[in-house]
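Below is one structure; the comments refer to it alone.
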Amino acid sequence: MDETRNVKIQVKGVSKVFGKNPKSALELRDQGLKRPEILEKTGQTLGLSNISFDVYEGELLVIMGLSGSGKSTLIRCLNRLIDISDGDIIIDDEHIPSLSVKELLECRRRHFSMVFQNFALFPHKTVLQNAQFGLEIRGIAPAERDKTAREALTQVGLDGWEDAYPNQLSGGMQQRVGLARALANDASVLLMDEAFSALDPLIRKEMQEELLQLQSRMQKTTVFITHDLDEALNIGDRIVLLKDGEVVQIGTPEQILTQPADDYVRRFIEGVDRSRILTAESAMRPVRTTARNGDGPRTALHRMRENSVDSIYVTDRDRHLQGLLEAEEASRAVDAGADTISDYLTQDFRTVTRDEPLQNLFAMFSEKSFPIAVVDDEKRLLGVVVKGAVLDELARAGDQ
Amino acid sequence: MEIQSIPLGDWIEGGLTWLTTEYSVVTRAISRVTQTGIEGLNAGLMWLPVWGLLALVALLCWKAASPRLAIGAAAGMALIWNLGLWDPMIETLTLVVIATLVAVVIAIPVGILAALSNRLYRVIMPVLDFMQTMPAFVYLIPAIPFFGIGSVSAIFATVIFSMPPAIRFTTLGIRQVPVELIEAADAYGANRRQKLIKVQLPLSLPTVMAGINQTIMLALSMVVIAAMIGADGLGSEVWRAIQRLRPGDGFEAGIAVVILAMILDRLTQSLTKSRR
């Protein structure tokens with residue numbers, strides 16, 4: 001992971017025991033006992049065991065696990081709706097477990113907005129009043145919170161619904177209100193607890209897309225809980241995989257798919273991992289523009305600019321792939337007064353055939369950022385695969 | 001050998017005597033304030049001409065509920081006037097209004113506290129059971145040494161008898177607020193006061209109103225019984241009819257009570273329902 005990014009939240013060795021004597025349970029845990037044995041011996045449930053991870057500023061971190069994995073407990077530990085039994089959680093410089101009640105309220109108001117699985121909208125308040133809730137709690141003046149809340153409602157596409165009551169809205173729209181309530185609050189971290197799980201699949205997909213768009217605009221640090229791997233792969237910058245209250249793997253969607261940490265993860269991703277069947281062809285896009293090896297550098301540059309790309313594949317008349325021309329090289333060719341680009345091509349890119357398993361493509365992307373060229377047996381260029389398309393294809397396959 | 005009976009009654013009497021002598025200043029002050037309230041409200045309602053109050057009640061019924069209730073209420077009140085029971089009806093209404101006000105003012109804060117504190121809840125619920133199952137007449141007896149014969153004693157007994165549902169429903173209403181809404185309020189950093197005012201109270205309002213409705217109904221029934229200790233109103237008409245063995249008069253007054261009860265009940269119920 002990129003080392004230069006700022007860490008927003010540090011979760012350090014967090015454990016949570018549900019019961020009256022957490023110490024005894026944690027001691028047994030340290031002796032190597034697992035959840036069921038601890039429950040049997042102490043009557044207490046080990047909800048979370050020694051969880052550590054960082055949340056980077058501006059990233060969308062997905063915490064994923066099946067029910068009982070402790071993911072809902074974990075997200076509630078972040079803003080201390082649930083007190084932890086051991087470990088530390090640090091946001092910026094604040095140690096959340098050691099805050100006083102008053103400091104905790106202040107910390108929640110400043111740092112955390114939350115979106116809930118079943119929306120948790122206030123039925124006696126209008127959409128606008130719901131969206132204002134966080135600001136109202138913080139004591140913002142009515143005129144200002146009205147303005148901010150209206151802006152948030154616009155962002156989630158609920159213009160004109162300000163005076164409706166939650167029970168007049170569909171599930172998807174209710175969750176938009178929930179999202180608006182969180183956005184209006186402008187806290188530094190957005191917590192989303194299975195926020196889309198209660199929605200039907202189409203609306204859910206739509207909300208995921210909108211969240212990604214919002215995310216690209218606002219770069220809000222987001223912790224998103226889900227039990228759905230497709231959703232995790234689709235929206236997560238990184239994924240923390242939980243099982244029985246323990247972290248199984250932390251990584252980017254690619255890492256989870258290509259380097260599963262253990263059999264559990266492997267079994268887990270099998271449901272989604274259609275990449276064994278999916279091939280390069282399914283993720284392939286037609287090439288928007290190519291150059292001929294006889295073209296002049298200015299022509300090639302022009303085409304790159306037209307299509308907003310910084311490299312272009314070069315073929316001969318019969319579309320046999322000759323090489324790749326980068327924009328910098330093309331400029332050099334112009335400066336050198338070269339007639340054709342044929343001397344400035346690079347072969348430093350990857351080609352695959354159309355039946356190459358999609359899974360293998362991940363590794364190739366980590367080496368080079370160029371699109372991967374898909375060619376037939378005679379090295380004719382059929383299309384290209386870009387990084388996003390691979391994930392997109394996997395997620396789509398998971399939906400079907 | 002004879003087993004001595006426990007002198008429970010003596011103890012209670014001793015305690016009451018002690019209270020009345022020690023706190024006579026307090027009880028006399030309460031008595032004076034309440035008496036003034038009763039007389040003031042009575043005078044106010046009597047000052048209004050019959051048709052004036054009738055129109056006022058009809059209008060209120062129309063606005064809060066339906067034209068049907070307005071017509072029914074007007075007809076019922078006209079019947080009461082026709083039977084010559086207008087003044088006793090006003091006296092009864094006054095007692096109900098004041099007793100309900102006092103009961104609600106005490107009950108709602110107590111109900112809120114009992115909802116928020118489990119310990120208080122465990123203390124208060126048996127007390128409420130006691131208050132509700134004790135035969136209503138019994139409250140009349142200690143009222144007399146405290147406040148003497150008359151309307152103030154009636155109010156005292158009525159408040160005690162009619163308060164429990166308002167407390168219970170307030171507690172229930174607040175405890176029924178869905179936990180996820182409480183969690184949402186917590187997540188956004190609401191403190192206890194904000195949670196109560198912005199979330200718990202508004203959401204429990206329909207239940208609280210149902211409790212107040214119950215309190216009004218109980219107050220009405222108690223105010224009638226309180227005629228036994230000299231409270232004015234429709235109850236004393238009934239009481240007189242019993243003593244003179246005149247069933248006709250008794251039923252006339254009884255029907256007036258029923259009419260008053262129905263108007264109050266429908267009116268407060270519609271206030272409950274019209275809330276979102």
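Of the chymotrypsin sites (Phe, Trp or Tyr not before Pro) found in the stretch B:1-108, those that fall in a DSSP loop while having at most 16 other beta-carbon atoms within 10 Å are B:Tyr23.
Oblate is the label for chain B, because a/c, from the alpha-carbon gyration tensor with a ≥ b ≥ c as root eigenvalues, is 1.5 or above and a/b does not exceed b/c. Dipole of the stretch A:280-399 computed with +1 at Lys/Arg Cβ and -1 at Asp/Glu Cβ about the Cα centre; of A:His302, A:Ala338, A:Ala389, farthest Cα towards the positive end is A:His302.
For the stretch A:92-193, state which chymotrypsin sites (Phe, Trp or Tyr not before Pro) are in a DSSP loop and have at most 10 other beta carbons lying within 10 Å of their beta carbon. Answer by residue number: there is no such site. Note on chain A: with a GNM built from Cα contacts shorter than 10 Å, the maximum mean-square fluctuation among A:Leu345, A:Leu211, A:Leu361 falls on A:Leu345. Of all lysines in the structure, those lying under 19 Å Cα to Cα from A:Lys220, and not within fewer than 8 positions of it along the same chain, are A:Lys8.
Put a plus charge on the Cβ of each Lys and Arg, a minus charge on the Cβ of each Asp and Glu, and nothing anywhere else: the dipole of chain B about its Cα centre is then about 1080 debye. The GNM of chain B, with springs linking C-alpha atoms under 10 angstrom apart, assigns the highest mean-square fluctuation among B:Gly248, B:Gly211, B:Gly76 to B:Gly248. When the GluC sites (Glu not before Pro) in the stretch A:65-112 are filtered for DSSP coil states and for at most 14 other beta-carbon atoms within 10 Å of their beta-carbon, no site remains. The mean count of C-beta atoms from other chains within 10 Å of the C-beta of residues in A:73-82, rounded to a whole number, is 1. At a Cα cut-off below 30 Å, give the lysines reachable from A:Lys20, other chains included and same-chain residues fewer than 8 away excluded. Of all the lysines, those that pass the test against A:Lys20 - Cα under 30 Å, at least 8 places apart if same chain - are A:Lys12, A:Lys34, A:Lys41, A:Lys71, A:Lys102, A:Lys243, B:Lys195.
Give me B:Ser162, A:Ser331, A:Ser67 sorted ascending by neighbouring Cβ count inside 10 Å, so fewest comes first.
A:Ser67, A:Ser331, B:Ser162
Couplings for the stretch A:301-315, taken from phi via the Karplus curve 6.51 cos²θ - 1.76 cosθ + 1.60 with θ = phi - 60°, read 4, 4, 5, 4, 5, 3, 9, 6, 10, 10, 8, 9, 7, 10, 10 Hz in order; Gly and Pro are left as x.
Considering chain B as a Gaussian network with a 10 Å cut-off on Cα pairs, which listed residue, B:Ser153, B:Ser221, B:Ser24, attains the greatest mean-square fluctuation? Between B:Ser153, B:Ser221, B:Ser24, it is B:Ser24 that shows the largest mean-square fluctuation. Placing +1 on the Cβ of every Lys and Arg and -1 on the Cβ of every Asp and Glu, with nothing else charged, gives the protein assembly as shown a dipole about its Cα centre of roughly 2160 debye. Only beta bridges with both residues in chain A are counted; by DSSP, about 60 percent of them are antiparallel.
Given +1 on the Cβ of Lys and Arg, -1 on the Cβ of Asp and Glu, and no further charges, what dipole in debye does the stretch B:63-191 carry about its Cα centre, rounded to the nearest 20?
Here the stretch B:63-191 has a charge dipole of around 80 debye.
Relative to the dominant Cα principal axis of chain A, helix A:101-111 is inclined by about 20°.
Where a number appears in this text, it was derived from the coordinates with a stated rule and is not lab data. All of these numbers come straight from a predicted model, not from anything done at the bench. Cβ sites come from the backbone with ideal geometry, for glycine too, and all protein chains shown count toward neighbours.
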